[in-house]
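Chemist: What follows is a single structure, and I will ask about it in a moment.
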């Protein structure tokens with residue numbers, strides 16, 4: 001086992017098959033596709049409220065999006081110099 005990251009190994013065969021199955025035809029981009037709509041509906045069901053999901057492809061993208069959501073454009077995120085967002089996300 002290698003716990004360095006969630007992306008050091010290849011994808012599980014079932015996930016690869018699901019991606020292959022989904023790779024047919026065309027779909028709108030930027031959240032207009034059925035996959036995103038179904039994911040949002042499932043998250044709304046789980047959390048019991050209306051919500052918008054911003055599905056991203058990496059933890060770095062998720063962290064950047066989350067931090068930008070809590071800080072205005074003129075603001076700042078203050079953290080310890082050894083914090084993950086400073087050491088691994090910003091450099």
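Only the coordinates and a few stated rules stand behind these numbers; no lab work does. Everything quoted here is computed from the prediction, not taken from an experiment.
Chemist: For n ≥ 4 DSSP H runs only, could you compute -39500 (n - 2.57) per run for the chain, divide by its residues and tell me the 222 nm figure to the nearest 500? Please list the in-between numbers first.
Modeler: On the way: 3 runs with 36 residues, N = 91.
So the calculated ellipticity at 222 nm is -12500 deg cm²/dmol.
Chemist: If one takes the longest principal axis of the Cα atoms in the chain, at what angle in degrees, from 0 to 90 and to the nearest 10, does the Cα axis of helix 34-47 lie?
Modeler: 60
Chemist: Rounded if a/c is under 1.5, else prolate if a/b is larger than b/c, else oblate: which is the stretch 10-50, with a ≥ b ≥ c the root eigenvalues of its Cα gyration tensor? Intermediate values should be presented prior to the final figure.
Modeler: On the way: a/c = 3.35, a/b = 1.46, b/c = 2.30.
Since a/c reaches 1.5 but b/c is at least a/b, the shape of the stretch 10-50 is classed as oblate.
Chemist: Of the candidates 32, 81, 64, which one comes out as most mobile in a Gaussian network treatment of the chain with C-alpha springs shorter than 10 Å?
Modeler: Looking only at 32, 81, 64, the largest GNM fluctuation is found for 81.
Chemist: Further question on the same structure: If the chain between residue 83 and residue 38 were fully stretched, how many nm would it gain, using 0.36 nm times the residue separation less the Cα-Cα distance?
Modeler: Details: separation 45, 0.36 × 45 = 16.20 nm, distance 3.46 nm.
Gain on stretching residue 83 to residue 38: 12.7 nm.
Chemist: Something else about it: When the chain is treated as a GNM, springs tying every alpha-carbon pair under 10 Å, which of 61, 53, 24 comes out with the largest mean-square fluctuation?
Modeler: Of 61, 53, 24, the most mobile in the Gaussian network model is 24.
Chemist: Between rounded, prolate and oblate, where does the stretch 1-87 land on the alpha carbon gyration tensor, with a ≥ b ≥ c its root eigenvalues, rounded for a/c under 1.5, else prolate if a/b exceeds b/c?
Modeler: Judged from the Cα gyration tensor, the stretch 1-87 comes out oblate (a/c at least 1.5, b/c at or above a/b).
Chemist: Same structure again: Compute the acute angle (0 to 90°) between the alpha-carbon long axis of helix 13-22 and the principal axis of greatest extent of the alpha-carbon atoms of the chain; round to the nearest 10°.
Modeler: Value to nearest ten degrees: 70.
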